[in-house]
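Scroll down for the structure; my scribbles are underneath it.
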C-alpha cells in the first residue's frame, strides 16, 4: 500500500451489511466505504472535535486548523483510506512529540495473505490499536485492523463517528444480562465474519478496560465469547477459535502518562467505594494518554494460538477456557519489553537490591525523580477533588504499576 488512497475489495450490498446467515451487524459495525464521505463531513462540522484537533497545533487559529483538517481528508473514500491518509500521520506526529521511539517485532507472523486477531494487553484507550495499525502499514501488511471498542467510551457523538471511521466495531457493555449474552453472540459472529468474509485483521483488548495496576490478565469470558458459533453450528470451540487466527500481542510503555490519574482513582475508590469516573474523567484520561510523555514503546507478538491450542484439546470445557486465558497471559507476559524503571520499581517496593544489574545509579535517580513528580501530580488532582492525598498510598500504587510487568514476566519463565 502507499500513502495514496489504498485499494479496497468492494463488498456486494448484501455482504456489506449482513453475515453469511443473513444477520445484520448494523448496530455494531464500522462504516461501510459508501458511508465514509458523509461521516467525514459530519466530523468536520463538529466544533468540539475541531477544538480537540487544534490542541495538536494551538498556535494556529481555529479557522486555519479546520481548513487543514478539511484538506487532509480530500480524496478519502474508505475506512482504510481514512486510517492510512488521516490517522497514521496523526499517530506518527504523536509518537514524534510524545515518545522516544516505537518498535514492532512480529517474529511468528508475516505480511502475507493471512488475517489475524490480535489480543493484547491494554495500555492506552486510543493509541493501542492506532499504533498497531500504523506499524502494520509500515511493515507492508495488506490491511490494518478492525478495532473492538466499548460503548462506554463513546461519550460524545464525534467520538462515535471518529472510531467508526477508524474501522471500529462496538462492544455493547451497558446491557441487561440476557441482552448481554445476545450481544456477545452477535459480536463473536461479527468478528468471524470480519476475518473470513471481509478479510480484515482485528484488534481486541484481553480484558474490559485497562489494568490500572499493569498486571495484565485475560478475561475468561473473552475467550468464551470468541468461541461462540452460530445457532445450530457443529463447529467445535477449538475450530471456531482457530478460524480467528489469534495472535497474542504485548504492548510495553516505558512511562504510562496516566499513572498519576490511576493512582488518584485508586485512592478515590479506596476512600469511597461508590466513587465512579465521570465523562469528563474519561475524556481527561484519553487526552492525557494521547499527549502525555511515554518514553520508549514496544509492540511484540507472541506465538500464534493455532500453533499450540491443540495441546489443550483434551481438557474439560471449563478448564479449557481457563487454560487458554492463562496461556494467552503467558505469551503476553513473556513478550514484555522491560525498562530500567520497571526494575527500579521492584527494588524500591521490596527494599532490596535484586535487580541492580538491570539499571545504573543514573537510571535509579531518574526514576525516583519521576516517581516524586507523579505522586505530586496525583496529590494535586486529589486536592482539587476535595480529598486529602495519602502520599504513601499513592507511591505504592505507582510503584506497583511499574513493578508488576517484571513480576509477571518472571512468573512466565522469561527472565
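The values are calculated or read from the model by the stated rules, or taken from the named source; none is laboratory data. On a predicted model such as this, the values are computed, not experimentally measured, just so you know. No Cβ is skipped: glycine too gets one built from the backbone with ideal geometry, and neighbour counts run over all protein chains shown.
Mind listing whichever residues of the stretch 275-330 are under 17 Å from residue 408 (Cβ atoms), assigned to a helix (DSSP H, G or I) and within 17 Å of the chain's Cα centre (by Cα)?
Within the stretch 275-330, 328, 329 qualify.
In the stretch 149-162, how many are without any contact (Cβ under 8 Å) to a residue 40 or more places away in the chain and either over 26 Å from residue 246 (Cβ atoms) or crowded, with 17+ Cβ neighbours inside 10 Å (or both)?
Qualifying residue count, the stretch 149-162: 4.
Mind checking which pairs have a first residue in the stretch 345-360 that is over 19 Å from residue 401 (Cβ atoms) and a second that is at pLDDT 95 or above, Cβ under 6 Å, 6 or more apart or different chains?
Going by the 6 Å Cβ cut-off, the qualifying pairs are 353/347.
Output the residues belonging to the stretch 134-143 that are in contact with a helix residue (DSSP H, G or I) (Cβ under 8 Å, 6 or more places away or on another chain) and either within 26 Å of residue 327 (Cβ to Cβ) or in contact (Cβ under 8 Å) with a residue 60 or more places away in the chain (or both).
Correct list: 137, 143.
Quick one: is residue 329 in the same structural domain as residue 401 (by TED's automatic domain parsing) and surrounded by 14 or more Cβ atoms within 10 Å (Cβ to Cβ)?
It is false that residue 329 is in the same structural domain as residue 401 (by TED's automatic domain parsing) and surrounded by 14 or more Cβ atoms within 10 Å (Cβ to Cβ).
Could you tell me whether any residue of the stretch 371-379 is under 25 Å from residue 250 (Cβ atoms), modelled with pLDDT of 95 or more and out of contact with any strand residue (DSSP E or B) (no Cβ under 8 Å at 6 or more places or on another chain)?
Yes, the stretch 371-379 contains a residue that is under 25 Å from residue 250 (Cβ atoms), modelled with pLDDT of 95 or more and out of contact with any strand residue (DSSP E or B) (no Cβ under 8 Å at 6 or more places or on another chain).
Has the stretch 219-228 got at least one residue that is within 18 Å of the chain's Cα centre (by Cα), outside any helix (DSSP H, G or I), at pLDDT 85 or above and under 24 Å from residue 312 (Cα atoms)?
Yes: the stretch 219-228 contains one or more residues that are within 18 Å of the chain's Cα centre (by Cα), outside any helix (DSSP H, G or I), at pLDDT 85 or above and under 24 Å from residue 312 (Cα atoms).
Just one of 123, 115 is at pLDDT below 95 and in the same structural domain as residue 167 (by TED's automatic domain parsing); which is it?
Just a single option satisfies the conditions, and that option is 123.
Which of the numbered conditions does residue 389 fail, given that it passes all the others? Conditions: (1) outside any helix (DSSP H, G or I); (2) exposed (fewer than 14 other Cβ atoms within 10 Å of the Cβ).
It fails just one condition, (2).
Of the residues that sit in the stretch 116-139 and are buried (at least 19 other Cβ atoms within 10 Å of the Cβ) and more than 15 Å from the chain's Cα centre (by Cα), which one is nearest to residue 302 (Cα to Cα)?
Here the answer is 116.
Can we say residue 181 is surrounded by fewer than 19 Cβ atoms within 10 Å (Cβ to Cβ) and touching a helix residue (DSSP H, G or I) at 6+ places or on another chain (Cβ under 8 Å)?
When the stated conditions are applied, residue 181 does not pass them.
Of the numbered conditions (1) assigned to a helix (DSSP H, G or I); (2) under 23 Å from residue 339 (Cβ atoms), residue 71 satisfies every one except a single condition; which is it?
The single condition residue 71 does not satisfy is (2).
Only one of 363, 310 is exposed (fewer than 12 other Cβ atoms within 10 Å of the Cβ), touching a residue at least 12 places away in the same chain (Cβ under 8 Å) and over 30 Å from residue 272 (Cα atoms); which?
310
Look at the stretch 366-376 and say how many of its residues are crowded, with 20+ Cβ neighbours inside 10 Å and in contact (Cβ under 8 Å) with a residue 40 or more places away in the chain.
Qualifying residue count, the stretch 366-376: 2.
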